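The values are calculated or read from the model by the stated rules, or taken from the named source; none is laboratory data. Here the structure is a predicted model, which is why all the values come from computation and not from measurement. FYI the Cβ positions are ideal-geometry reconstructions off the backbone, even for glycines, and counts take in every protein chain you see.
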Amino acid sequence: MSSRSHNARLVWVVGVLSAAFLVIGLQLVSLQILRASRLQAMARSQHQVTIAIPPMRGALLDTHRQPLVQSLLVDSVYADPRHVDDARTIAHRLAAVLDVDAGALLAKLSQPRGFVWLARHITPDQAQRIRRMPWRGVWLTSEPKRFYPAGDLGSHLFGFTDIDQVGLEGLELFYDAILRGEAGWRKTLRDGRGRELWGWWLDRRPAKSGGSLVLSIDRVLQYLAERELDRAYRTSRAKGGTIIILDPQTGAIRALANRPTFDPHHPQRASLDRHRNRAITDVNEPGSVFKMIAASALVEEGLIQPSERIFCENGEMTVAGGHVIHDVHPYGSLTFQEVIQYSSNIGTIKAAQRLGVERLHRYVRAFGFGEVSGVDLPGEVRGLVRPLGRWTKTSMNAVPIGHEVGVTALQTACAMATIANGGRWVKPHLLETVLDPQGRVVEQITLVSRRVVSEATARTVRAMLARVVELGTGRSAKMKSYTAAGKTGTAQKLEPDGRYSHSKFVATFAGFVPAEQPKLVIVVILDEPRGAYYGGVVAAPVFKAVAQEAMQYLEVPPQRPPATSIKSPARPVPPPAGQHEALR
């Protein structure tokens, strides 16, 4: 081989190698300098993963700190579609485990995203089966799920959350900011198959758990209330029903329930009508229950004595505008005590005329009607009390007997509590204490109250209401072991055309137990009961059943009937014709 040929070949080899080294060098420059940031980001995306850490939502506890609602950790399935090898096969195998549509799973696994949920809050058995399947790009993680151990018990109080534990109704919504907590995150490494390397945390921020709420609810009283309301609701075939148990001294709501109801685990399965908290959203004319307001105002103003007699027109009286007022039974001369005892419309109207419209309106508002109570539940309405300037000629005859006003069950309970506790209106509440995640008290509620009538007036009206139960329209609420006081109400509902219905009624009994030193106020309302519809017939027995067991549960000593009780005819005999006793 010639020297010239050898040199040419050497030059060619050196040139090729130089070009190769140049290409490699340029590639290194591109990788390490020009494209470094983008490639580093790509590597991080492939080998690092940021996992959200959901916070543990705070619990709802009853007044004895027993759990009513709580969150527990359960498994959920997620995937990184970029690391899934055979999306179709995985989708079909996962669908068999999760009992879901394979097409929907395939659509999720085909998305150009780094994270997709495949199924959330799966069962322990499903999680175990998935763990045994070594799929690339599919993982399990733990996250909190909301549990309501008693099912629909208290559902209108507690409400519910969405799948991310954001409060949507009830206390879950009202106190969401306290209960929710704050989410955290962690950055970890993944191996070549895309699996998370547990413990290889590059950085993390722990989640902050939410606070827990100690409520005024007593779960035993809540159970008693719901059991008896449900029984009456079904027996009477009513359209709806409500029961409230209230501590008259503090305004603490010990139980509240409505029918129909719903399961907070599956709220979407129930109509919105079932979600409605009727105790604070439904407004109806109260009927004769409202006579306690007129009675309280008359006694407070010194305009009447319980023993004063009123002629009740033998059951029929024509008032302004030509309207005819009737009593259920024709009464002649009754004492004012008996007017309330037997629920005479005519006697109440004639007595209430002494108040005048301004004073009557002032007492109606003072007892909390026409205003929200401020209870810690979303959706409370004001009810209906027209401004004084919009009262008509008929208002002075209608309002004292519970017409031309619209009230909620909770407003009625608060008004009855005002008489029971000695004349103070007390703001109702459900929250008693806020606890931090370690169980330490960080906030306590402050009682809010105002004086409405004197203690002497409240004592007088309590005695009158006790006679309603002992001898009057509320005798179905009378217990053998305990005294009670209260008022019945039966109101006709308004039809869409503005006329009163002759077939749709709201039956109410509102009372307290014991009659002296009351421990509980109980209000029972049945909306459109079929068959019997008087408050003293369908609502009072519910009061009796709940009150009897509640007193035993609270270990209140049994009592004898009041010594002041007297035996009198169930229906007073009208006086002879012409024997009238007019009001002064």
TODO: Please determine, by comparing only the residues of region 423-443 that are assigned to a strand (DSSP E or B) and free of Cβ contacts under 8 Å to residues at least 12 places away in the same chain, which one is nearest to GLY368 (Cα to Cα).
DONE: GLU443
Open item on the list: Take the conditions out of contact with any strand residue (DSSP E or B) (no Cβ under 6 Å at 6 or more places or on another chain), β-branched (Val, Ile, Thr) and either closer than 16 Å to GLU285 by Cβ or not in a helix (DSSP H, G or I) (or both) and apply them to THR446. Does it pass?
Closed with: yes
Task: Test: VAL426 is farther than 30 Å from SER209 by Cα and of a type outside the set (S, T, N, Q) - done: yes
TODO: Please indicate, with yes or no, whether at least one residue in region 50-73 is part of a helix (DSSP H, G or I) and of a type in the set (D, E, K, R).
DONE: no
Task: The listed residue being among the β-branched types (Val, Ile, Thr) and closer than 30 Å to PRO144 by Cα, out of ILE304, ILE293, ILE253, ILE244 - done: ILE253
Task: Members of region 452-496 that are surrounded by 18 or more Cβ atoms within 10 Å (Cβ to Cβ) and among the hydroxyl-bearing types (Ser, Thr, Tyr) - done: THR457, THR460, THR473, SER476, TYR482, THR483, THR488, THR490
- [ ] Return yes when ALA238 is within 23 Å of ALA417 (Cβ to Cβ) and either touching a Leu at 6+ places or on another chain (Cβ under 8 Å) or not in a helix (DSSP H, G or I) (or both) and no when it is not.
- [x] no
Task: Of all residues in region 497-508 being among the polar types (S, T, N, Q) and in contact with a strand residue (DSSP E or B) (Cβ under 7 Å, 6 or more places away or on another chain), the one that is surrounded by the fewest Cβ atoms within 10 Å (Cβ to Cβ) - done: SER501
Open item on the list: Given the criterion within 22 Å of VAL506 (Cβ to Cβ) and surrounded by fewer than 19 Cβ atoms within 10 Å (Cβ to Cβ), identify the matching residue among THR446, THR394.
Closed with: THR394
- [ ] Select from region 128-146 the residues that are in contact (Cβ under 8 Å) with a residue 24 or more places away in the chain and within 42 Å of the chain's Cα centre (by Cα) and list them in ascending order.
- [x] ARG129, ILE130, VAL138, TRP139, LEU140, THR141, SER142, GLU143, PRO144, LYS145, ARG146
- [ ] Hey, can you tell me all the residues within region 329-372 that are among the aliphatic types (A, V, I, L, M) and closer than 30 Å to THR281 by Cα?
- [x] ILE340, ILE349, ALA352, VAL357, LEU360, VAL364, ALA366, VAL372
Open item on the list: Against the condition free of Cβ contacts under 8 Å to residues at least 40 places away in the same chain, part of a loop (DSSP other than H, G, I, E, B) and not polar (S, T, N, Q), how does PRO496 come out, does it pass?
Closed with: yes
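For every residue, the table says whether it meets (1) surrounded by fewer than 23 Cβ atoms within 10 Å (Cβ to Cβ); (2) in contact with a strand residue (DSSP E or B) (Cβ under 6 Å, 6 or more places away or on another chain); (3) over 23 Å from THR508 (Cβ atoms); (4) outside the structural domain of PRO149 (by TED's automatic domain parsing).
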{"site": "ARG204", "(1), (2), (3), (4)": "yes, yes, yes, no"}
{"site": "ALA225", "(1), (2), (3), (4)": "no, yes, no, yes"}
{"site": "LEU229", "(1), (2), (3), (4)": "no, yes, no, yes"}
{"site": "ILE245", "(1), (2), (3), (4)": "no, yes, no, yes"}
{"site": "GLY251", "(1), (2), (3), (4)": "no, yes, no, yes"}
{"site": "ALA255", "(1), (2), (3), (4)": "no, yes, no, yes"}
{"site": "ARG269", "(1), (2), (3), (4)": "yes, no, yes, yes"}
{"site": "ARG276", "(1), (2), (3), (4)": "yes, no, no, yes"}
TODO: Being touching a helix residue (DSSP H, G or I) at 6+ places or on another chain (Cβ under 7 Å) and assigned to a loop (DSSP other than H, G, I, E, B) is the filter here, so list the residues in region 389-422 that pass it.
DONE: TRP391, LYS393, THR394, GLY402, GLU404, VAL405, THR408, GLY422
Task: Meets criteria (closer than 23 Å to LEU303 by Cβ and at pLDDT below 95) for THR418 - done: no
